[in-house]
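The values are calculated or read from the model by the stated rules, or taken from the named source; none is laboratory data. In this text, all values refer to a predicted model and were calculated from it rather than measured experimentally. Cβ atoms come from the backbone with ideal geometry, glycine included; neighbour counts cover every protein chain shown. Ligands, DNA and RNA are excluded from the accessible area calculation, which covers all protein heavy atoms including side chains. Shrake-Rupley method; radii C 1.70, N 1.55, O 1.52, S 1.80 Å.
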Amino acid sequence: MEKDLISQTTELAETALHDREAAFHDAWANDTKLSDILVRECFEAPTAMENQFILQRMGDLRGKKLLDIGAGLGESSVYFALQGADVTTVDISPQMVETALKLGEQFGIKLQGLVSGGEALNLPEAAYDIIYIANTIHHVQDRALLFLQMHRALKPGGRFFSYDPLAYNPVINVYRRMASEVRTPDESPLTTADLRLAKKYFRNVGHREFWVSSLLLFVKYYLRDRVDPNADRYWKRILRETPQTLRWWMPLQSLDKFLARIPLMRWLAWNMVMWGEKALE
């Protein structure tokens with residue numbers, strides 16, 4: 001009886017969390033014009049280091065079946081489809097999925113859409129060559145179940161690529177507290193425990209960290225540009241920067257290539273890219 005009560009309580013808490021996440025992201029999608037969604041910039045802007053690194057590791061996407069979990073407005077799904085991938089876009093928010101499909105139509109490509117949380121993917125087993133999951137793991141409470149679902153969806157030898165914020169940088173933690181209106185209350189940035197967990201489900205798991213000294217860009221937005229953290233999402237604003245506006249910042253980006261390889265310093269980065277593969281059967 002006690003176990004049943006605990007199980008019911010846990011299930012209700014997870015349902016409430018999913019409802020909050022869906023409602024928040026529905027509102028975001030409804031407030032966003034298709035013309036404002038940055039598809040190429042998400043991968044090609046000077047500040048899109050994580051995605052550029054991931055693209056290099058992915059290789060040729062032509063003919064690959066790709067699952068984009070937590071795809072949001074659809075920037076990544078559309079970009080991968082433009083590279084020749086057969087993309088299924090997944091998000092917990094119905095409005096986000098609808099927006100992603102409309103964005104695909106605007107770019108002349110067709111996506112498959114699924115409204116679902118990552119912990120309960122209603123998809124065929126061993127169907128995908130690649131899973132991409134960006135800025136999503138830190139929204140999930142049961143990460144073991146998420147990794148299990150990802151493992152189930154991948155073909156033997158298939159690979160996953162993710163990136164999410166880390167929990168340790170004091171500057172970003174101050175920003176998170178300030179930007180409370182453009183973030184969901186249930187977010188939980190990644191720790192080293194999440195890296196260890198991924199290794200239980202996938203082989204050849206690797207990681208690379210980004211944004212240490214280059215985080216001064218966020219400080220500039222707040223102190224010099226006077227951008228209210230709740231009026232503009234800084235992590236989206238960075239994609240509108242150009243090589244011309246970032247001349248002062250480029251040396252910091254170069255410095256981070258060294259800092260992000262120092263064992264202790266790397267955990268002060270903003271984001272961590274992870275990757276791994278499903279074992280051959």
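Looking at 66, 73 in this structure, which one is part of a loop (DSSP other than H, G, I, E, B) and not basic (Lys, Arg)?
Answer to the selection: 73.
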inquiry  = Quick check on my filter: what residues within region 45-65 are under 15 Å from the mean Cα position of the chain (by Cα), open to solvent by less than 10 Å² (accessible area, probe 1.4 Å) and of a type in the set (A, V, I, L, M)?
reply    = 48, 54
key: Qualifying residues in region 160-205 (those that are within 23 Å of residue 58 (Cβ to Cβ) and out of contact with any helix residue (DSSP H, G or I) (no Cβ under 8 Å at 6 or more places or on another chain)) - the one least open to solvent (accessible area, probe 1.4 Å)   = 195
Selected residue (criterion: farthest from residue 165 (Cα to Cα)) from residues of region 236-249 that are in contact (Cβ under 8 Å) with a residue 60 or more places away in the chain and assigned to a helix (DSSP H, G or I) = 240
inquiry  = I'd like to check something: does region 122-131 contain any residue that is among the acidic types (Asp, Glu) and assigned to a loop (DSSP other than H, G, I, E, B)?
reply    = yes
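Just checking, which of 235, 249 is surrounded by 12 or more Cβ atoms within 10 Å (Cβ to Cβ) and either modelled with pLDDT of 95 or more or among the aliphatic types (A, V, I, L, M) (or both)?
249
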request  = Go through region 101-122 and give me each residue that's open to solvent by less than 40 Å² (accessible area, probe 1.4 Å) and under 22 Å from residue 58 (Cα atoms).
outcome  = 104, 109, 111, 118
inquiry  = Here is a check on your reading of the model: is residue 155 at pLDDT 95 or above, in a strand (DSSP E or B) and more than 29 Å from residue 34 (Cα to Cα)?
reply    = yes
message = Between a residue in region 18-34 that is closer than 11 Å to residue 93 by Cβ and of a type in the set (Asp, Glu) and any residue that is open to solvent by less than 50 Å² (accessible area, probe 1.4 Å) and not in a helix (DSSP H, G or I), which pairs come within a Cβ distance under 7 Å, given they are 6 or more apart or on different chains?
response = 21/92; 21/184; 21/186; 26/93
